[in-house]
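Enquirer: To start, I am sharing the structure in question, which I have written as structure tokens.
The values are calculated or read from the model by the stated rules, or taken from the named source; none is laboratory data. Values in this document were obtained by computation on a predicted structure and should not be read as measured data. Ideal geometry is used to build each Cβ from the backbone, glycine not excepted, and the neighbour counts take in all protein chains shown. These area figures cover heavy atoms from the full protein model, side chains too; ligands, DNA and RNA do not enter into them. Shrake-Rupley method; radii C 1.70, N 1.55, O 1.52, S 1.80 Å.
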Amino acid sequence: LGDRHPNTLTSIYNLGSLLQTQGRLGDAIPLFREDLEGFTARYGKGHEETRGSARNLVEVLTEAGRQREADEIAATYGV
């Protein structure tokens, strides 16, 4: 399918979400970033899927205490 196919990106998100649920935020964050990068490349910053991916990354960064990074992503993607 390719590394930017929506199904591939959904799988990346699902794994990141599982790791987040397990409290493995350090492992989850790179997957959420990869998901966001993939949706941004495929659809652009303003697309609903991309903005949803950005919200997910903001959430996990906030949970990890990385508020400055979370704020930067939120500002960049308008979420």
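Enquirer: Quick one: Karplus J couplings for region 45-61, per residue in order, coefficients 6.51, -1.76, 1.60, θ = phi - 60°, nearest Hz, x for Gly and Pro?
Expert: Along region 45-61, the couplings run 5, x, 5, 4, 5, 5, 5, x, 5, 5, 4, 4, 5, 4, 4, 6, 5 Hz.
Enquirer: Quick check: residue separation of HIS5 and ARG68 times 0.36 nm, minus the Cα distance between them. What number comes out in nm?
Expert: Numbers: separation 63, 0.36 × 63 = 22.68 nm, distance 2.98 nm.
Gain on stretching HIS5 to ARG68: 19.7 nm.
Enquirer: Pop out the ³J(HN,Hα) list for region 15-27 in order, Karplus 6.51 cos²θ - 1.76 cosθ + 1.60 with θ = phi - 60°, rounded to Hz; leave Gly and Pro as x.
Expert: 3J(HN,Hα) across region 15-27, in whole Hz: 5, x, 5, 4, 5, 4, 4, 7, x, 8, 5, x, 7.
Enquirer: How much of the accessible area of the chain, in percent, comes from carbon and sulfur atoms when a 1.4 Å probe is used? Show your work: numbers first, answer last.
Expert: Details: 2110 of 4510 Å².
Ligands and nucleic acids excluded, carbon and sulfur give 47 percent.
Enquirer: Given just the C-alpha atoms of the chain, how large is their convex hull per residue in cubic angstrom?
Expert: Working: hull volume 5.5 nm³, N = 79.
Spelled out: Cα convex hull of the chain, divided by residues, is 70 Å³.
Enquirer: Something else: Over the chain, calculate the relative contact order: mean separation of alpha carbon pairs under 8 Å at least 6 apart, over the residue count, as a percent.
Expert: 24
Enquirer: Ignoring ligands, DNA and RNA, what accessible area per residue does the chain give at 1.4 Å, in Å²? Don't skip to the answer; put the middle values down first.
Expert: On the way: 4510 Å² over 79 residues.
Using a 1.4 Å probe on heavy atoms only, each residue of the chain averages 57 Å².
Enquirer: What list of ³J(HN,Hα) couplings, whole Hz, do you get for region 28-40 from phi and the Karplus terms 6.51, -1.76, 1.60, once you set θ to phi - 60° and write x for glycine and proline?
Expert: With the stated coefficients, region 28-40 comes to 6, 4, x, 5, 5, 5, 4, 4, 5, 4, x, 5, 4 Hz.
Enquirer: Further question: For GLU48 and ALA75, calculate 0.36 nm times their separation in residues minus their Cα-Cα distance, and state this gained length in nm to one decimal. Could the numbers behind the result be given before it?
Expert: Details: separation 27, 0.36 × 27 = 9.72 nm, distance 1.54 nm.
Separation in residues times 0.36 nm, less the Cα-Cα distance, equals 8.2 nm.
Enquirer: With only Lys, Arg, Asp and Glu charged, each at its Cβ (+1 for the first two, -1 for the last two), find how big the charge dipole of the chain is about the Cα centre; round to the nearest 20 debye. Don't skip to the answer; put the middle values down first.
Expert: Details: 9 positive and 12 negative charges, 14 e Å.
The calculated dipole for the chain is roughly 60 debye.
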